[in-house]
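Encoded as C-alpha coordinates, the structure appears first; notes follow it.
The values are calculated or read from the model by the stated rules, or taken from the named source; none is laboratory data. Just so we're clear, the structure is a prediction, and the values are computed from it rather than from any experiment. When we count neighbours, we look across all protein chains shown, and the Cβ atoms used for this are built from the backbone with ideal geometry, even at glycine.
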Amino acid sequence: GAVVSQHPSRVICKSGTSVKIECRSLDFQATTMFWYRQFPKQSLMLMATSNEGSKATYEQGVEKDKFLINHASLTLSTLTVTSAHPEDSSFYICSATDRGGNSPLHFGNGTRLTVT
Amino acid sequence: DAKTTQPPSMDCAEGRAANLPCNHSTISGNEYVYWYRQIHSQGPQYIIHGLKNNETNEMASLIITEDRKSSTLILPHATLRDTAVYYCIVRVVDYKLSFGAGTTVTVRA
(Lines give C-alpha, C1' and ligand atoms only; values in the text may rest on other atoms or scores of the structure.)
Protein backbone atom coordinates (compact mmCIF):
# COMPACT_ATOMS: atom_id res chain seq x y z
CA GLY A 1 0.00 0.00 0.00
CA ALA A 2 0.81 3.74 0.19
CA VAL A 3 1.84 4.23 -3.43
CA VAL A 4 2.68 7.68 -4.76
CA SER A 5 2.73 8.12 -8.52
CA GLN A 6 4.32 10.95 -10.46
CA HIS A 7 3.78 11.90 -14.05
CA PRO A 8 5.60 12.42 -16.30
CA SER A 9 8.80 10.61 -15.35
CA ARG A 10 10.79 12.66 -17.85
CA VAL A 11 10.05 15.89 -19.67
CA ILE A 12 12.02 18.11 -21.97
CA CYS A 13 10.78 21.61 -22.65
CA LYS A 14 11.99 24.77 -24.29
CA SER A 15 13.11 27.76 -22.30
CA GLY A 16 10.22 30.09 -21.52
CA THR A 17 7.52 27.45 -21.53
CA SER A 18 5.66 26.00 -18.54
CA VAL A 19 5.62 22.43 -17.38
CA LYS A 20 3.14 20.70 -15.10
CA ILE A 21 4.06 17.72 -12.93
CA GLU A 22 1.39 15.59 -11.30
CA CYS A 23 1.64 13.73 -8.02
CA ARG A 24 -1.04 11.25 -7.09
CA SER A 25 -1.62 9.11 -4.03
CA LEU A 26 -3.02 5.94 -5.57
CA ASP A 27 -4.43 4.05 -2.62
CA PHE A 28 -4.76 6.59 0.14
CA GLN A 29 -5.85 10.13 0.80
CA ALA A 30 -3.11 12.65 1.41
CA THR A 31 -4.01 15.80 3.25
CA THR A 32 -0.44 16.99 2.92
CA MET A 33 2.04 16.49 0.12
CA PHE A 34 5.62 17.71 -0.11
CA TRP A 35 7.61 18.77 -3.16
CA TYR A 36 11.39 18.33 -3.36
CA ARG A 37 14.05 19.20 -5.88
CA GLN A 38 17.34 17.41 -6.35
CA PHE A 39 20.29 18.61 -8.41
CA PRO A 40 22.95 16.14 -9.61
CA LYS A 41 25.12 14.73 -6.83
CA GLN A 42 23.18 16.68 -4.21
CA SER A 43 20.63 15.75 -1.60
CA LEU A 44 16.90 16.43 -1.77
CA MET A 45 15.86 19.98 -0.95
CA LEU A 46 12.33 20.65 0.24
CA MET A 47 10.59 23.23 -1.92
CA ALA A 48 7.13 23.44 -0.47
CA THR A 49 4.43 21.82 1.61
CA SER A 50 1.10 21.41 -0.12
CA ASN A 51 -2.10 21.18 1.87
CA GLU A 52 -5.38 20.14 0.28
CA GLY A 53 -7.68 23.08 -0.22
CA SER A 54 -5.26 25.76 0.92
CA LYS A 55 -2.23 27.64 -0.29
CA ALA A 56 1.11 25.91 -0.29
CA THR A 57 3.85 26.88 2.13
CA TYR A 58 7.14 27.54 0.38
CA GLU A 59 10.61 27.13 1.82
CA GLN A 60 12.88 30.13 2.01
CA GLY A 61 14.39 30.98 -1.35
CA VAL A 62 11.77 29.17 -3.43
CA GLU A 63 9.82 31.50 -5.71
CA LYS A 64 6.13 30.83 -5.27
CA ASP A 65 5.23 32.60 -8.52
CA LYS A 66 7.61 30.41 -10.46
CA PHE A 67 6.71 27.10 -8.85
CA LEU A 68 2.92 27.01 -8.71
CA ILE A 69 1.48 24.30 -6.51
CA ASN A 70 -2.14 23.21 -6.55
CA HIS A 71 -3.55 20.59 -4.21
CA ALA A 72 -7.15 20.46 -5.35
CA SER A 73 -8.05 17.03 -4.02
CA LEU A 74 -6.93 14.54 -1.40
CA THR A 75 -5.21 12.43 -4.05
CA LEU A 76 -3.67 14.96 -6.42
CA SER A 77 -1.14 17.76 -6.17
CA THR A 78 0.44 19.49 -9.13
CA LEU A 79 3.64 21.49 -9.49
CA THR A 80 3.85 23.86 -12.43
CA VAL A 81 7.23 25.28 -13.34
CA THR A 82 6.42 28.54 -15.09
CA SER A 83 8.65 30.23 -17.66
CA ALA A 84 11.20 27.48 -17.27
CA HIS A 85 14.89 28.21 -17.73
CA PRO A 86 17.84 25.83 -18.07
CA GLU A 87 18.74 26.37 -14.41
CA ASP A 88 15.36 24.83 -13.50
CA SER A 89 16.52 21.55 -14.96
CA SER A 90 16.42 19.16 -12.05
CA PHE A 91 14.85 16.06 -10.53
CA TYR A 92 11.52 16.91 -8.91
CA ILE A 93 10.06 14.50 -6.36
CA CYS A 94 6.81 14.54 -4.42
CA SER A 95 5.89 12.73 -1.24
CA ALA A 96 2.85 12.16 0.92
CA THR A 97 1.77 10.34 4.02
CA ASP A 98 -1.34 8.28 4.45
CA ARG A 99 -1.91 8.59 8.14
CA GLY A 100 -0.03 11.58 9.48
CA GLY A 101 1.48 11.45 12.94
CA ASN A 102 4.76 9.55 12.84
CA SER A 103 3.74 7.58 9.76
CA PRO A 104 6.48 7.65 7.13
CA LEU A 105 6.31 9.76 4.01
CA HIS A 106 6.13 7.83 0.77
CA PHE A 107 7.81 9.18 -2.31
CA GLY A 108 7.03 9.19 -5.98
CA ASN A 109 9.66 8.10 -8.49
CA GLY A 110 10.44 11.63 -9.50
CA THR A 111 10.28 13.70 -12.67
CA ARG A 112 13.44 14.53 -14.58
CA LEU A 113 12.97 18.00 -16.09
CA THR A 114 15.34 19.21 -18.79
CA VAL A 115 14.96 22.76 -20.08
CA THR A 116 16.68 23.46 -23.37
CA ASP B 1 14.86 19.37 13.09
CA ALA B 2 17.96 17.96 14.78
CA LYS B 3 20.95 17.51 12.52
CA THR B 4 22.32 14.09 11.79
CA THR B 5 25.86 13.05 11.00
CA GLN B 6 26.59 10.10 8.76
CA PRO B 7 29.79 8.85 7.16
CA PRO B 8 29.89 9.96 3.52
CA SER B 9 30.51 6.49 2.16
CA MET B 10 31.04 2.87 3.06
CA ASP B 11 31.59 -0.41 1.31
CA CYS B 12 30.29 -3.77 2.32
CA ALA B 13 30.52 -7.29 0.98
CA GLU B 14 27.57 -9.02 -0.60
CA GLY B 15 25.93 -11.44 1.79
CA ARG B 16 27.36 -9.78 4.88
CA ALA B 17 25.54 -7.51 7.30
CA ALA B 18 25.85 -3.80 6.65
CA ASN B 19 25.86 -1.55 9.72
CA LEU B 20 25.17 2.10 8.97
CA PRO B 21 25.82 4.54 11.82
CA CYS B 22 24.09 7.86 12.45
CA ASN B 23 24.72 10.46 15.11
CA HIS B 24 21.90 12.72 16.25
CA SER B 25 23.20 14.08 19.53
CA THR B 26 20.76 17.02 19.66
CA ILE B 27 17.63 14.96 19.10
CA SER B 28 14.57 16.08 21.03
CA GLY B 29 12.23 13.84 22.96
CA ASN B 30 9.48 14.13 20.36
CA GLU B 31 11.66 13.44 17.32
CA TYR B 32 11.61 10.10 15.56
CA VAL B 33 14.55 8.58 13.68
CA TYR B 34 13.75 7.66 10.06
CA TRP B 35 15.85 5.84 7.51
CA TYR B 36 15.35 6.14 3.78
CA ARG B 37 17.43 5.09 0.83
CA GLN B 38 17.65 6.38 -2.71
CA ILE B 39 18.75 4.24 -5.57
CA HIS B 40 20.13 6.20 -8.49
CA SER B 41 17.51 8.28 -10.34
CA GLN B 42 14.61 7.04 -8.22
CA GLY B 43 12.57 8.55 -5.42
CA PRO B 44 13.58 7.79 -1.83
CA GLN B 45 12.35 4.52 -0.39
CA TYR B 46 11.22 4.29 3.23
CA ILE B 47 13.11 1.67 5.24
CA ILE B 48 12.25 1.95 8.91
CA HIS B 49 11.68 4.38 11.74
CA GLY B 50 11.62 4.42 15.53
CA LEU B 51 11.43 6.59 18.61
CA LYS B 52 13.44 4.84 21.31
CA ASN B 53 12.92 1.11 21.02
CA ASN B 54 14.75 -1.07 18.55
CA GLU B 55 12.71 -1.87 15.47
CA THR B 56 12.83 -4.60 12.85
CA ASN B 57 10.97 -5.16 9.63
CA GLU B 58 11.45 -7.20 6.49
CA MET B 59 14.09 -4.82 5.17
CA ALA B 60 16.25 -3.90 8.13
CA SER B 61 16.74 -3.43 11.85
CA LEU B 62 17.09 -0.13 13.64
CA ILE B 63 19.09 0.03 16.84
CA ILE B 64 18.73 3.25 18.86
CA THR B 65 21.02 3.86 21.81
CA GLU B 66 19.47 4.34 25.21
CA ASP B 67 20.31 8.06 25.28
CA ARG B 68 18.93 8.32 21.70
CA LYS B 69 21.97 10.25 20.55
CA SER B 70 22.87 7.75 17.89
CA SER B 71 21.43 4.87 15.91
CA THR B 72 22.50 2.10 13.58
CA LEU B 73 20.67 0.73 10.59
CA ILE B 74 21.43 -2.92 9.96
CA LEU B 75 20.88 -4.57 6.60
CA PRO B 76 21.21 -8.24 7.59
CA HIS B 77 22.35 -9.72 4.30
CA ALA B 78 23.44 -7.04 1.85
CA THR B 79 22.85 -7.64 -1.85
CA LEU B 80 24.05 -5.72 -4.87
CA ARG B 81 20.59 -4.16 -5.08
CA ASP B 82 21.16 -2.51 -1.71
CA THR B 83 23.72 -0.17 -3.29
CA ALA B 84 22.20 3.26 -2.68
CA VAL B 85 22.45 6.49 -0.72
CA TYR B 86 21.08 5.96 2.79
CA TYR B 87 19.60 8.87 4.70
CA CYS B 88 19.16 9.07 8.46
CA ILE B 89 16.64 11.77 9.35
CA VAL B 90 15.11 12.95 12.60
CA ARG B 91 11.65 14.38 12.39
CA VAL B 92 8.96 15.74 14.65
CA VAL B 93 5.55 14.13 14.25
CA ASP B 94 3.58 15.65 11.34
CA TYR B 95 6.50 17.84 10.37
CA LYS B 96 8.45 18.04 7.16
CA LEU B 97 11.28 15.64 6.34
CA SER B 98 14.66 17.29 5.75
CA PHE B 99 17.42 15.34 4.02
CA GLY B 100 21.13 15.58 4.74
CA ALA B 101 23.96 14.28 2.60
CA GLY B 102 23.49 10.63 3.56
CA THR B 103 25.86 7.68 3.27
CA THR B 104 26.67 6.23 -0.13
CA VAL B 105 26.71 2.48 0.39
CA THR B 106 28.36 0.30 -2.22
CA VAL B 107 27.81 -3.44 -1.96
CA ARG B 108 30.59 -5.39 -3.66
CA ALA B 109 30.41 -8.93 -4.94
Fill in: residue A:56 vs. criteria within 13 Å of chain B (Cβ to nearest Cβ), hydrophobic (A, V, I, L, M, F, W, C) and more than 25 Å from residue B:47 (Cβ to Cβ)
yes
Cβ pairs under 6 Å, 6+ apart or interchain, first in the stretch A:8-36 and surrounded by 12 or more Cβ atoms within 10 Å (Cβ to Cβ), second of a type in the set (D, E, K, R) and outside any strand (DSSP E or B), ordered by first then second residue, are A:28/A:98; A:31/A:52
Cβ pairs under 6 Å, 6+ apart or interchain, first in the stretch A:94-113 and more than 7 Å from chain B (Cβ to nearest Cβ) and in contact (Cβ under 8 Å) with a residue 60 or more places away in the chain, second among the small types (Gly, Ala, Ser) and in a loop (DSSP other than H, G, I, E, B), ordered by first then second residue, are A:94/A:108; A:96/A:30; A:97/A:103; A:98/A:2; A:113/A:89
Checked the stretch B:1-36 for anything among the charged types (D, E, K, R) and in contact with a helix residue (DSSP H, G or I) (Cβ under 8 Å, 6 or more places away or on another chain); matches are B:14
When (1) of a type outside the set (Phe, Trp, Tyr); (2) within 11 Å of the chain's Cα centre (by Cα); (3) more than 12 Å from chain A (Cβ to nearest Cβ) are applied to residue B:68, the one that fails is (2)
query = Can we say residue A:80 is at pLDDT 90 or above and β-branched (Val, Ile, Thr)?
reply = yes
Restricting attention to the stretch A:40-89, the residues that are in contact with a His (Cβ under 6 Å, 6 or more places away or on another chain) and charged (D, E, K, R) number exactly 1
Yes/no for residue A:44 being under 24 Å from residue B:46 (Cα atoms), in contact with a Cys (Cβ under 9 Å, 6 or more places away or on another chain) and in contact (Cβ under 8 Å) with a residue 40 or more places away in the chain: no
Margin query: Condition first: out of contact with any Lys or Arg (no Cβ under 6 Å at 6 or more places or on another chain) and away from chain A (no Cβ under 13 Å). Can you find one or more residues in the stretch B:83-98 that meet it?
Written below: yes
